[in-house]
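Okay, so here's the structure we're looking at.
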Amino acid sequence: MSDALNHIQLRLDKPGFRLEVDVHLPQRGIAVLYGPSGSGKTTLLRCLAGLERPRDASIRIHNTLWQDDAAGVFVPTWQRPLGYVFQEASLLPHLDVAGNLEFARRRAAPARQGSPLLTPEFAVKTLGLAHLMQRRTTDLSGGERQRVAIARALATNPQLLLLDEPLASLDEARRQEVMPWLERLRDELHIPMVYVSHAADEVTRLADTLVVLEQGQVRACGPLQALMAGTDPVLHLGGDVASLVLGQVAAHDTQWHLTELRFAGGSFWLADAGLAMGQTVRLRVLARDVSIATRQPTGVSIQNVVACTVLSILPDQHPAQALVRLDCAGTGLWARLTRRAVDQLGLHAGQAVWAQVKAMALAR
């Protein structure tokens, strides 16, 4: 089946604001809607849910039309097989966790040919809720409440899961508690998720596909790694240009408490964080943490050095600086240098160089 089966085309006018979107999203994985406040992220989510009615719209999910103005089709919210998770969990306080999930199960969409049936049992197992089933929702922590809210949405057997900044109301400790469960859903759930966020760590850790919104317009849409390595560094996540490196854990150095991550283009060593052999890992590498040498470095303290080719040199936000786009055998890296360093090194497109990565962060 083609990714084009999930197609969203719409226009919605409000006083002083127009949302205009035309994107194709994959059938599974997390598509993150990213952008500043007021860019239209939540409005787009509400349009997908049928809570707002855009015009000139065509919304097709799993080859089923939810809205097509040209054909006079508009499926109301209650008939759309979707789950919606809000910033606040909004659980039923008079029921325990099991009761909340049973309430959702009774309203579940019927099984669909060719689609896996999402059951409360799947939700409980995937979100680690078995030990909480008899707890009153008022006795749960914020992180536990949000996990139950996600499980309740899944228990309705949706074709699409919508999440509107589900971690925004949590403190940092609770956010980090919930994130691994969202990663697990991304990897195990066979339906698409659309996730609203303006947090850089959520984007780099969770997104498969990224939709960048600005003032109601789609500035960029595509696979996260490709967008972060593309010719237009649209993602100043956390205030900086960054690259996303995907690799697998290949070795552990127990003497020095290090882990080797292999990726297309080489390998990086990072501090041992208890990762399992063969585990797929995401690394966020800031442009400011990458330097360039025209000869293979020796006698330096930097442990992570990889051979690259210069693809392009772009102006940065400050006139003293430049962004150098690098290709490491298929893995993209950005380096931020002064323009004087670019001139002194004689850097140019097509040149073979060495990238020295001073620091990186696990997207976790």
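Bear in mind these aren't lab numbers, they're just calculated from the coordinates by the rules spelled out. Quantities reported herein were computed from a predicted structural model and do not represent experimental measurements. Positions of Cβ are generated from backbone atoms using ideal geometry, with glycine treated the same way; all protein chains shown enter the neighbour counts.
Pop out the ³J(HN,Hα) list for the stretch 240-257 in order, Karplus 6.51 cos²θ - 1.76 cosθ + 1.60 with θ = phi - 60°, rounded to Hz; leave Gly and Pro as x.
8, 6, 9, 10, 10, 10, 10, x, 10, 5, 10, 6, 10, 9, 5, 5, 10, 6
How large is ³J(HN,Hα), in whole Hz, for each residue of the stretch 79-87 in order, when computed from phi with the Karplus curve 6.51 cos²θ - 1.76 cosθ + 1.60 and θ = phi - 60°, using x for Gly and Pro?
With the stated coefficients, the stretch 79-87 comes to 9, 8, x, 9, x, 10, 10, 9, 4 Hz.
Per 0.36 nm of contour for each residue apart, how much would the distance between PHE17 and TRP354 grow if the chain were fully extended, relative to their Cα-Cα spacing? Intermediate values should be presented prior to the final figure.
Values: separation 337, 0.36 × 337 = 121.32 nm, distance 4.65 nm.
Going from the current span to full extension adds 116.7 nm.
Given H placed on each backbone N at 1.01 Å, which residues far from TYR84 in sequence or on other chains put an amide H within less than 5 Å of it?
Under 5 Å from the amide H of TYR84 lie the amide H atoms of LEU162, each far enough along the sequence or on another chain.
I need the semi-axes of the equivalent ellipsoid of the stretch 3-234: take the C-alpha gyration tensor, multiply each eigenvalue by 5, square-root it, list largest first in whole angstrom. Could the numbers behind the result be given before it?
Details: eigenvalues 157, 89, 53 Å².
So the three semi-axes of the stretch 3-234 are 28, 21, 16 Å.
Mind giving me the nanometre distance, one decimal, between the label points for ALA320 and ASP56, set 7 Å out from Cα along Cα→Cβ?
Going from the ALA320 label point to the ASP56 one covers 4.6 nm.
Would you mind getting me the FRET efficiency between ASP253 and LEU362? Use the beta-carbon distance for r and R0 = 25 Å, nearest 0.05. If you can, show how the numbers build up before the last one.
Details: r = 17 Å, r/R0 = 0.66.
In this case the efficiency is close to 0.90.
According to the square roots a ≥ b ≥ c of the eigenvalues of the Cα gyration tensor, what is the shape class of the stretch 286-364, taking rounded for a/c under 1.5, prolate for a/b larger than b/c otherwise, and oblate for the remainder? Don't skip to the answer; put the middle values down first.
Details: a/c = 1.40, a/b = 1.19, b/c = 1.18.
Here the stretch 286-364 falls in the rounded category.
In nanometres, what is the gap between the two model label sites at ALA71 and ARG105, each 7 Å from Cα along Cα-to-Cβ?
Each label point is offset 7 Å from its Cα along the Cβ direction, giving 3.5 nm.
Sketch the reach of a paramagnetic label on ALA220 as a point 7 Å from Cα along Cα-to-Cβ, and name the residues of the stretch 12-41 whose backbone nitrogen lies under 19 Å away.
21-26, 30-37, 39-41
Considering the stretch 36-132, what Rg and Dmax in Å follow from its alpha-carbon atoms?
That works out to 16.3, 50 Å for Rg and Dmax.
Rounded to the nearest 0.05, what FRET efficiency do HIS131 and GLN303 give with R0 = 45 Å and r taken as the Cβ-Cβ distance? Could you check?
Values: r = 42 Å, r/R0 = 0.92.
Efficiency, rounded to the nearest 0.05: 0.60.
Going by average Cβ density within 10 Å per residue, which order do the peptides 52-61, 87-96 take, highest to lowest?
Details: 52-61: 17.8, 87-96: 15.1.
Most protected by this proxy first, the peptides run 52-61, 87-96.
Which whole-Hz couplings ³J(HN,Hα) result when phi for each residue of the stretch 141-152 is put into the Karplus expression 6.51 cos²θ - 1.76 cosθ + 1.60, θ = phi - 60°, listed in order with x for Gly and Pro?
6, x, x, 5, 4, 5, 5, 5, 4, 5, 4, 4
Which FRET efficiency value, to the nearest 0.05, is calculated for GLU88 and MET277 with the Förster distance at 41 angstrom and r the Cβ-Cβ distance? Walk me through the numbers on the way to the answer.
Working: r = 40 Å, r/R0 = 0.97.
Computed FRET efficiency for GLU88 and MET277: 0.55.
Taking 7 Å along the Cα-to-C-beta vector as the label spot, tell me the GLN176-SER141 distance in nanometres, rounded to one decimal.
The modelled label-to-label distance comes out at 1.1 nm.
Report, ordered by chain and residue number, the lysines lying within cross-link reach of LYS14, taken as a straight Cα distance under 27 Å and ignoring same-chain residues fewer than 8 apart.
List returned: LYS41.
Considering only LEU162, ASN100, LEU286, whose Cα is most displaced toward the positive end of the charge dipole of the chain, charges sitting on Cβ of Lys, Arg (+1) and Asp, Glu (-1)?
Of the candidates, ASN100 comes out farthest on the positive side.
Could you line up LYS41, LYS14, LYS358 from fewest to most neighbouring Cβ atoms inside 10 Å? List each step's numbers first, then the result.
Values: LYS41 24, LYS14 11, LYS358 14.
With the fewest neighbours first, LYS41, LYS14, LYS358 line up as LYS14, LYS358, LYS41.
For the chain, what is the calculated [θ] at 222 nm in deg cm²/dmol (nearest 500), taking -39500 (n - 2.57) for each run of four or more DSSP H residues and dividing by its residue count? Write out the running numbers ahead of the final one.
On the way: 8 runs with 75 residues, N = 364.
After summing the helix terms and dividing by the residues of the chain, the value is -6000 deg cm²/dmol.
So who's got an amide H within less than 5 Å of the one on GLU52, skipping anything under 5 residues away but keeping other chains? H placed 1.01 Å off N, in plane.
CYS47
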